[in-house]
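Have a look at the structure below before the remarks.
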Amino acid sequence: MKHPRTMTTSRLYGIRDLRLEQVPVPEAGHGEVLLKIASVGTCGSDVHYYAEGAIGDAVVKEPITMGHEFSAWIAGLGEGVAEEVPELTPGQLVAVEPAIPCGVCEFCEHGHPNLCPDVRFCGTPPIDGVFAEYAVMPAENCFPLPEGFTPDEGALLEPLGVAIHAVDLAHLKPGQTVAVVGAGPIGLLTAAMARVAGAGEVLVTEPLDYRREFALEYCADAVFDPKGQDVVAAIMEATGGRGVDAVFEAAGAPESPEQAARMARPGGKVMVIGIPSDDQMVMSASNVRRKGLTIKLVRRMKHTYPRAIFMVHSGMIDILPVATHHFSLDRIQEAFELVRDYGDGVLRAMIQIGTEAS
Ligand SMILES: [Zn+2]
Ligand SMILES: [Zn+2]
């Protein structure tokens, strides 16, 4: 397949400073594929880099290309790929796992590549991501998508993977009650995935009116507004004073971990997914201790792509409604401003980069 020598990429130079640049198209080395990028989601973590310049100690020091939630067409195979990964063929639409773990450390060997201390992750400093026309990734990160998958669906498998991993960590039993704090894309996908995993009642708290309305239509049995009511009291009341079996914190607001811990029943579980802006997580010790809660921190995902592809393909979950807006690469700054401001009913704004395989 022929491809151009240079491409457009977007680089974050500093807070709210995204620039388009022309750079050489990268070359696929041994075991790698050249990808023509199709659709990329603007993740909440990208928005932290865009609006704050950092997530905790991961600081944008050099200009970086962000973007890690993506689908792409295979544009070229590096040496060895045709023999070693024969299911990959040029022109094919693939979803791409953005993490490249080392594969040899204790944590990788024990099946936790998401906890690899030497992981390289697309679009996280200092590794460039995929808000660009082309990128190179290891062949084993690419998952061919069945007929009928759209580029947006392929890109949304990444946030769906986070939701799957969070629900995996909860070890839900059929019929158990669930609360989700925050109805952004991750909270919504987590609520929907909890339903797939057999949750009984799914209760969602969210301060933005349009997101509560969306949640009610998409996956929630009831929604609560932390601006207008004490959501902990409301959820205790909705559960007859018991609390819920599992709470997923997907807001990253200063008060949301504490709210999540207060909604959980004695012996319940709290999964913390959200990324707080000030890098602090506050929960009062007496509450979590007296109730003997299990608190788990959700680090990205692991081994989720084949299941995610199956669940979307078979109709067990509909993820497309979460992609509410579309922008071309030259309008990426506009997309980030919209998402940062929660404008126009936005959930995931997708950057549509390529429109066809070649
Ligand atoms: Zn993401
Ligand atoms: Zn490792």
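Laboratory data are not the source of any read-out in this text; all were calculated from the coordinates shown. Fair warning: this is a prediction, and the values are worked out from it, not measured in the lab. Neighbour counts are summed over all protein chains in view; Cβ atoms, including those assigned to glycine, are modelled from backbone coordinates with ideal geometry.
Miscellaneous remarks
- Applying 1/(1 + (r/R0)^6) with r as the Cβ-Cβ distance of residue 229 and residue 6 and R0 = 56 angstrom yields a FRET efficiency of 0.55.
- When shorter helices are ignored and each DSSP H run of at least 4 residues is given -39500 (n - 2.57), the per-residue value for the chain at 222 nm works out to -8000 deg cm²/dmol.
- Rounded to 5, percent antiparallel among DSSP beta bridges of the chain: 60 percent
- Distance distribution P(r), region 126-170, all Cα-Cα pairs, bin width 5 angstrom from 0: 5, 15, 18, 27, 21, 10, 4, 1 percent.
- Per-residue Karplus couplings for region 351-358, computed as 6.51 cos²θ - 1.76 cosθ + 1.60 with θ equal to phi - 60°, are listed in order as 9, 8, 9, x, 10, 7, 4, 9 Hz, Gly and Pro entered as x.
- Here's the picture: charge each Lys and Arg Cβ at +1 and each Asp and Glu Cβ at -1 in the chain, and of 202, 328, 219 the one pushed furthest to the positive end of that dipole is 202.
- Using Cβ point charges alone (K and R +1, D and E -1), the dipole size of region 26-151 about the Cα centre works out to roughly 340 debye.
- Shape box of region 171-221 [Cα atoms, principal axes, largest first, Å]: 30, 17, 15
- All Cα pairs of region 234-289, percent lying beyond 18 Å: 30 percent
- Rg/Rh, computed from the Cα trace of the chain with Rh as the Kirkwood radius, has the value 0.97.
- The Cα center of region 1-29 and the Cα center of region 280-358 differ in position by 24 Å.
- Selection from 193, 67, 139, by position along the positive dipole direction of region 67-193 (Cβ): 193
- Hull volume in cubic angstrom per residue (convex hull over the Cα atoms of region 133-250): 136 Å³
- In the chain, lysine pairs with alpha-carbon atoms under 28 angstrom apart (chain gap of 8 or more, or interchain): 13
- Intensity falloff of region 189-305 expressed as log10 I(q)/I(0), Debye formula with alpha-carbon point scatterers, at q = 0.10, 0.12, 0.16 Å⁻¹: -0.28, -0.41, -0.76
- The long axis of helix 185-196 is offset from the longest Cα principal axis of the chain by roughly 70 degrees.
- Here the extension length gained between residue 196 and residue 330 equals 44.5 nm, from 0.36 nm per residue of separation less the Cα-Cα distance.
- Size estimate for region 234-358 follows the Kirkwood approach: the inverse of mean 1/r over distinct Cα pairs works out to 17.6 Å.
- Environment charge of residue 245, counting only residues whose C-beta is closer than 13 Å and scoring Lys/Arg +1, Asp/Glu -1: +4
- Crossing angle, helix 151-170 versus the chain [Cα axis fit, 0-90 degrees, rounded to tens]: 40 degrees
- Computed log10 I(q)/I(0) for region 66-137 at 0.14, 0.18, 0.21 Å⁻¹: -0.53, -0.84, -1.03, from the Debye equation with unit scatterers placed on every C-alpha and solvent omitted.
- Proportion of all alpha-carbon pairs of region 57-202 beyond 24 Å (%): 45 percent
- Bins of 5 Å, starting at 0 and running to the largest distance - Cα pair percent for region 24-90: 4, 15, 19, 16, 14, 14, 10, 7, 1
- Residue of 299, 211, 265 that the Gaussian network model of the chain assigns the largest fluctuation, springs spanning Cα pairs under 10 Å: 299
- Size of charge dipole - the chain - debye, nearest 20, with Cβ of Lys, Arg +1 and Asp, Glu -1, no other charges: 960 debye
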